[in-house]
Every structure is written in structure tokens, then in C-alpha cells.
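The values are calculated or read from the model by the stated rules, or taken from the named source; none is laboratory data. Just so you know, these numbers come straight off a predicted model, no measurement behind them. Please note: Cβ atoms are built from the backbone with ideal geometry, for glycine as well, and neighbour counts cover all protein chains shown.
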């Protein structure tokens with residue numbers, strides 16, 4: 001749903017369209033530190049989803065606060081809407 005906080009309700013439509021075309025990434029973080037985002041659609045190829053996942057994880061790592069200590073990404077799960085998640089080893093992300 002459109003939401004002013006996420007920038008999907010705006011008076012500057014041209015700016016919003018430009019951001020989306022440049023690859024704007026939207027994600028939400030809940031109280032438990034779990035990050036929720038969309039990295040693709042069912043129609044995407046496995047390569048497209050892999051590339052999007054790698055880019056998203058790289059972005060999360062770039063946004064890591066300098067004061068954060070310990071393991072920053074503890075686990076990764078991928079799922080489609082309303083389906084069971086598939087666990088991915090965070091160490092394997094560098095190998096993809």
C-alpha cells in the first residue's frame with residue numbers, strides 16, 4: 001500500500017520515479033532485528049533473484065553501524081509470500 005514514510009505517496013512524482021529507476025531499495029526492520037524486503041518476483045530467473053539478493057545483502061552490510069559488534073548477519077531465509085522459508089548459510093553469500 002502507498003505510504004508517505006516509504007516515499008510512495010509524494011508530491012514530487014518525477015523524483016520518486018527517478019529513485020525507483022536508479023534501484024531504490026525499500027526494507028523494514030522489526031523489533032527483533034529481522035529485515036523484511038522483496039528481492040524479486042515469481043517471474044524472475046534464478047540468476048536475477050541471486051543478483052538482487054547479493055545486492056541487498058551488500059547494502060545491508062554497508063549500512064552496518066560502526067558501533068555494531070559481533071556477528072551482524074546471523075541467518076538468512078528466503079520465501080515467497082505466505083510460504084515456508086528456505087535457510088541460506090550467510091557464509092555462502094560470498095561464494096555466490
So residue 91, is it part of a helix (DSSP H, G or I) and farther than 19 Å from residue 27 by Cβ: yes
Residue ID - surrounded by the fewest Cβ atoms within 10 Å (Cβ to Cβ), chosen from residues in region 57-96 that are touching a strand residue (DSSP E or B) at 6+ places or on another chain (Cβ under 6 Å) and in contact (Cβ under 8 Å) with a residue 12 or more places away in the chain: 87
Test: residue in region 34-54 that is loosely packed, with under 10 Cβ neighbours inside 10 Å, in a loop (DSSP other than H, G, I, E, B) and touching a residue at least 24 places away in the same chain (Cβ under 8 Å): yes
Test result for residue 23, loosely packed, with under 10 Cβ neighbours inside 10 Å and either in a loop (DSSP other than H, G, I, E, B) or modelled with pLDDT of 85 or more (or both): yes
